[in-house]
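What follows is a set of notes on a single structure, which appears directly below.
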Amino acid sequence: MLELAILGFLAEGPLPGHELRRRVSQLTGYTRPVSDGSLYPAINRLTKAGLLDRRADPAAGVARYVLSLTEPGRAELLKRLREPADHEITDFTRFFTILAFLSQLPDVAEQHTVLRRRLDFLEEPTSFFSEGDRPLRAEEVTDPYRRGMLLTARAISHSERAWLHEVLGGAAPVPDARAEGDPPTLEAPAS
């Protein structure tokens, strides 16, 4: 998702490396800190692949540069937005990175296809905990902390589903429509 964030921010215009780092950190840093040891190698990979252009910025000082997106970089960004992997749809943080740049897709129908995939995922009954194959509801869990996890996840899922229905032009979900199972929106991020 780091590469998607880099491509996405540069699609909005050229940026010096330190400003790109600040923006990526603001977007993802609260859940996944961005270190120089991950950001700059990703920039180098994207540059070597021809997706970014790096130019010296003499006005900014020694060893400063400005990054911009190339046409192949824009094509790669659009491809990643059109065809996110399943784990990018199901993982809350990864999906939010997609959502941050989804408006870069010029076709609203393509945007809605991605949003429908997320909505379909959110409407499947599931839980962090189960009894056999049956997902457990918050009301069935006695541990107060696990119950708190499930109640929080349910509230977030309900809000997100209501927003998705609104954007997609459909009827809003019935309150607690997922009562048979708590939402998966807060699953542990994939490595």
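Note on the stretch 52-61: among residues that are in a strand (DSSP E or B) and not acidic (Asp, Glu), the one that is surrounded by the most Cβ atoms within 10 Å (Cβ to Cβ) is LEU52.
Within the stretch 116-161, if we keep just the residues that are under 25 Å from PHE96 (Cβ atoms) and among the hydroxyl-bearing types (Ser, Thr, Tyr), the residue that is modelled with the lowest pLDDT turns out to be THR126.
Only a single criterion out of (1) at pLDDT below 90; (2) small (Gly, Ala, Ser); (3) under 14 Å from the mean Cα position of the chain (by Cα) is not satisfied by ALA59, namely (3). Just wondering, is there one or more residues in the stretch 71-91 that are hydroxyl-bearing (Ser, Thr, Tyr) and either out of contact with any helix residue (DSSP H, G or I) (no Cβ under 7 Å at 6 or more places or on another chain) or free of Cβ contacts under 8 Å to residues at least 40 places away in the same chain (or both)? Scanning the stretch 71-91, I find no residue that is hydroxyl-bearing (Ser, Thr, Tyr) and either out of contact with any helix residue (DSSP H, G or I) (no Cβ under 7 Å at 6 or more places or on another chain) or free of Cβ contacts under 8 Å to residues at least 40 places away in the same chain (or both), so the answer is no.
Candidates are the residues of the stretch 62-109 that are assigned to a helix (DSSP H, G or I), open to solvent by less than 70 Å² (accessible area, probe 1.4 Å) and of a type in the set (Phe, Trp, Tyr); the one that is modelled with the lowest pLDDT is PHE92.
Which of the residues spanning the stretch 110-144 are in a loop (DSSP other than H, G, I, E, B) and touching a Pro at 6+ places or on another chain (Cβ under 9 Å)? GLU123, GLU124, PRO125, THR126, SER127, PHE128, PHE129 - these are the residues of the stretch 110-144 that are in a loop (DSSP other than H, G, I, E, B) and touching a Pro at 6+ places or on another chain (Cβ under 9 Å). Within this structure, ILE156 fails the test of being within 16 Å of the chain's Cα centre (by Cα), open to solvent by less than 80 Å² (accessible area, probe 1.4 Å) and within 19 Å of ILE6 (Cα to Cα). Out of all the residues in the stretch 33-48, which are part of a loop (DSSP other than H, G, I, E, B) and within 14 Å of ILE6 (Cα to Cα)? Of everything in the stretch 33-48, those that are part of a loop (DSSP other than H, G, I, E, B) and within 14 Å of ILE6 (Cα to Cα) turn out to be VAL34, SER35. Answer yes or no as to whether ALA49 is of a type in the set (Gly, Ala, Ser) and surrounded by 15 or more Cβ atoms within 10 Å (Cβ to Cβ). Judged against the criteria, ALA49 is not a match. Determine whether ARG21 is in contact (Cβ under 8 Å) with a residue 12 or more places away in the chain and part of a helix (DSSP H, G or I). Against the criterion (in contact (Cβ under 8 Å) with a residue 12 or more places away in the chain and part of a helix (DSSP H, G or I)), ARG21 qualifies.
PRO135: out of contact with any Phe, Trp or Tyr (no Cβ under 6 Å at 6 or more places or on another chain) and crowded, with 16+ Cβ neighbours inside 10 Å, yes or no?
Numbers: out of contact with any Phe, Trp or Tyr (no Cβ under 6 Å at 6 or more places or on another chain): yes; crowded, with 16+ Cβ neighbours inside 10 Å: yes.
So PRO135 fits the description; yes.
Here the stretch 130-158 is the region considered, the condition is being in contact with a helix residue (DSSP H, G or I) (Cβ under 6 Å, 6 or more places away or on another chain) and touching a residue at least 12 places away in the same chain (Cβ under 8 Å), and the residue that is nearest to ARG80 (Cα to Cα) is SER157.
The values are calculated or read from the model by the stated rules, or taken from the named source; none is laboratory data. Model, not experiment: these values are computed from the prediction. FYI the Cβ positions are ideal-geometry reconstructions off the backbone, even for glycines, and counts take in every protein chain you see. Surface areas here come from the heavy atoms of the whole protein model, side chains and all, with no ligands, DNA or RNA. Shrake-Rupley method; radii C 1.70, N 1.55, O 1.52, S 1.80 Å.
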